[in-house]
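J.: Pasting in a structure now, in structure tokens, and then I'll have a few things to ask.
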Amino acid sequence: MARAGLLYSAILVVTVVIVALAAFRPIRVLPRIAPAPGFALTDQEGQRLTSEDLRGKIVLYDFTYLSCPSPCARTTEVMRQVQERLAREPAAEPEVRLITISFDPERDSPAALRAAAEAAGADPARWRFATGAPELMKLIVGAGFNVFYERNPDGSFRFDPTLVLVDGWGIVRAEYRVGPPPAEQIVNDIRLVANEARRSRGPARLAYEATHLFVCNVR
Amino acid sequence: MRRWIIPVAGSLLILLLVGAGAVAAGWLPVGRDTVHGSVIDPPLPIPDATLTGAGGDARQLSDFRGKVVAIYFGYTYCPDVCPTTLAALARAKQALGKRGDDVQVVMITVDPERDTPEITQEYVSRFDPTFVGLGGDVARIRQVATGMGVYFEKQQRGSAGGYLVDHTATVLVLDRNGDLRLMLPYGLTAEQIADDLRWVLKQ
């Protein structure tokens with residue numbers, strides 16, 4: 001009987017641990033979705049901006065073309081709000097960058113990008129606007145970031161407004177595709193990725209890697 | 001009262017045993033060396049790509065399925081990063097002993113202008129005779145590289161031998177199904193790479 005009691009208490013302990021992990025989610029992670037594409041772009045100051053420059057930083061991307069009428073302003077507004085919230089917090093580690101990529105390099109010169117960045121209230125240290133060689137944009141934005149866009153005969157574009165969050169490894173950790181999400185949610189996600197990058201060392205790394213195995217703990 | 005306890009306890013016990021079994025089999029990261037690179041989870045299918053091997057034959061990434069494939073993008077004029085990485089990969093493969101036979105190292109050139117598939121193959125063979133060097137036209141190579149998060153760009157600033165090519169120095173590890181499983185940053189030691197390859201081999 002004593003042995004049975006021991007067995008039951010062991011089972012109880014294991015059950016409590018499992019339930020606690022599922023219910024309280026002591027560690028939360030975002031899934032590692034896919035590698036973000038490698039790229040070399042030119043920003044609003046005419047500077048090179050490559051995927052290597054962003055290694056070690058958390059990056060939020062959005063995609064647009066500058067002659068886009070009002071609907072595009074909605075993702076830009078989300079980017080602006082994210083920038084504002086991040087600016088209010090103490091300097092995050094790892095650093096966070098915002099990148100707006102134009103898939104219309106023929107029209108969106110660095111000067112046009114700079115004007116758009118200023119209009120959006122972008123802090124140049126944190127938020128850069130960039131575009132690249134016309135023949136590579138489909139590869140980077142379409143295939144790489146998995147964002148659909150297509151030029152209409154009138155020169156406008158059809159595209160799916162998307163924001164993509166990439167970690168310091170260059171791995172996509174979140175995609176926001178259905179309408180612009182609240183800035184609040186994105187900032188929370190950025191915090192999760194930043195926490196993982198900071199804390200996932202030594203024994204804690206095991207706990208983080210274990211958490212990646214449990215789908216129920218993903219956000 | 002007691003009747004429900006037995007099935008509940010029984011099923012919990014089974015869960016516990018399955019968990020213990022999973023740990024023992026190395027499916028869970030408990031009690032095993034931490035992976036040094038970054039794990040892609042779930043493994044990411046990558047589009048197959050046709051490149052060119054030495055001798056001009058078409059080689060597909062899927063040809064290597066069944067083996068763990070470590071892909072490196074580099075070029076033969078590369079002054080430091082590429083030789084360091086290839087030498088580390090060669091030592092890591094040696095450290096795996098017999099299991100190293102199931103690891104295929106592939107270098108894809110990012111400088112096809114100067115590196116023909118033959119030159120690329122000859123270059124990697126110097127590090128390990130089993131390494132494979134691949135080339136092809138630059139558009140095809142860029143497509144493969146971009147999808148794996150690798151960028152490369154010819155630099156105007158020259159060295160004595162001509163130009164340099166900036167490129168991402170990450171090693172990409174595909175599992176036996178040909179899916180992307182692991183990204184190794186530049187600068188890992190041969191021992192660390194061997195640990196990570198051992199982990200992918202076990203998957």
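J.: Determine ³J(HN,Hα), in whole Hz, for all residues of region B:106-121 in sequence, where each value follows from phi through the Karplus function 6.51 cos²θ - 1.76 cosθ + 1.60 and θ = phi - 60°; x replaces Gly and Pro.
T.: After applying 6.51 cos²θ - 1.76 cosθ + 1.60, I find 10, 9, 9, 6, 9, 9, x, 4, 9, 8, 6, x, 5, 5, 4, 4 Hz.
J.: For region A:106-153, list whatever residues lose no less than 50 Å² of accessible surface once every protein chain is in place, relative to that chain by itself, with the probe at 1.4 Å.
T.: The answer is A:Leu139 - residues whose exposure falls by at least 50 Å² when every protein chain is included.
J.: I need the calculated FRET efficiency for the pair A:Tyr8 and B:Lys202, taking r as the beta carbon distance and R₀ as 30 Å, to the nearest 0.05.
T.: 0.30
J.: So who's got an amide H within less than 5 Å of the one on A:Glu95, skipping anything under 5 residues away but keeping other chains? H placed 1.01 Å off N, in plane.
T.: Residues meeting the criterion, in which the H sits 1.01 Å from N, are A:Ile58.
J.: Taking the alpha-carbon distance from B:Lys98 and a cut-off under 16 Å, which lysines remain once sequence neighbours fewer than 8 residues away in the same chain are dropped?
T.: Filter leaves B:Lys67, B:Lys202.
J.: Over chain A, what relative contact order in percent results from Cα pairs under 8 Å that are six or more residues apart?
T.: Computed value for chain A: 31 percent relative contact order.
J.: ³J(HN,Hα) across region B:166-172 via Karplus (A = 6.51, B = -1.76, C = 1.60, θ = phi - 60°), whole Hz, x for Gly/Pro?
T.: With the stated coefficients, region B:166-172 comes to 6, 7, 5, 9, 6, 9, 9 Hz.
J.: Once phi is turned into ³J(HN,Hα) by the Karplus curve 6.51 cos²θ - 1.76 cosθ + 1.60 with θ = phi - 60°, what whole-Hz value does each residue of region A:181-192 show in order, with x for glycine and proline?
T.: Once θ is set to phi - 60°, the couplings for region A:181-192 become x, x, 4, 3, 5, 5, 5, 4, 5, 4, 4, 4 Hz.
J.: Just tell me which aspartates and glutamates come within less than 13 Å, Cα to Cα, of B:Lys93; anything on the same chain fewer than 8 places away is out.
T.: Straight-distance partners of B:Lys93: B:Asp101, B:Asp102, B:Asp128, B:Glu191, B:Asp195, B:Asp196.
J.: How many Å² of accessible area per residue for the protein assembly as shown, probe 1.4 Å?
T.: Dividing the accessible area of the protein assembly as shown by its residue count gives 47 Å².
J.: May I pose another question? Going by Cα centres, region A:34-96 and region B:129-203 are how many Å apart?
T.: Region A:34-96 and region B:129-203 have Cα centres spaced 26 Å from each other.
J.: Now, a different point. Using the Kirkwood radius over Cα pairs, work out the Stokes-Einstein diffusion coefficient for the protein assembly as shown at 10 °C and 1.306 mPa s, in µm²/s as a whole number.
T.: Result for D is 67 µm²/s.
J.: Here is a further query. What order do B:Trp4, A:Trp169, A:Trp127, B:Trp199 take when sorted by accessible area (1.4 Å probe), most exposed first?
T.: B:Trp4, A:Trp169, B:Trp199, A:Trp127
J.: Using a 1.4 Å probe and counting only protein heavy atoms, how much accessible surface gets buried when B and A come together, both sides summed, in Å² to the nearest 100?
T.: About 2700 Å² of accessible surface is lost on pairing.
J.: Volume per residue, Å³, of the convex hull around the alpha-carbon atoms of region B:101-159?
T.: In region B:101-159, the Cα convex hull volume per residue is 104 Å³.
J.: Kindly give Rg over Rh for region B:35-202, based on alpha-carbon atoms, with the Kirkwood expression for the hydrodynamic radius.
T.: With Rg and the Kirkwood Rh in hand, the quotient comes to 0.94.
J.: Hey, another quick one. Using a probe of 1.4 angstrom, how much of the accessible area of region B:62-185 is carbon and sulfur, in percent?
T.: 50
J.: Per Stokes-Einstein, at 37 °C and 0.692 mPa s, what whole-number D in µm² s⁻¹ belongs to region B:33-123, with the Kirkwood radius over Cα pairs as the hydrodynamic radius?
T.: Taking Rh from Cα pairs, D becomes 223 µm²/s.
J.: Continuing with the same structure: How much length is gained if the chain between A:Ala87 and A:Ser70 is pulled fully straight, taking 0.36 nm per residue apart and subtracting their Cα-Cα distance, in nm to one decimal?
T.: In short, 3.5 nm is gained.
J.: Against the longest principal axis of chain A, how steep is helix A:110-120, in degrees 0 to 90 to the nearest 10, with axes from Cα atoms?
T.: Roughly 60 degrees, rounded to the nearest 10.
J.: Which of the lysines could be linked to B:Lys154 by a straight reach, that is with a Cα gap under 23 Å, when you skip same-chain ones fewer than 8 residues away?
T.: Of all the lysines, those that pass the test against B:Lys154 - Cα under 23 Å, at least 8 places apart if same chain - are A:Lys138.
The values are calculated or read from the model by the stated rules, or taken from the named source; none is laboratory data. Please read these numbers as outputs of a predicted model, since none were measured by experiment. Counting neighbours? That spans all protein chains shown, and the Cβs are built from the backbone with ideal geometry, glycine included. Side chains included, ligands, DNA and RNA excluded: accessible areas come from the protein's heavy atoms. Shrake-Rupley method; radii C 1.70, N 1.55, O 1.52, S 1.80 Å.
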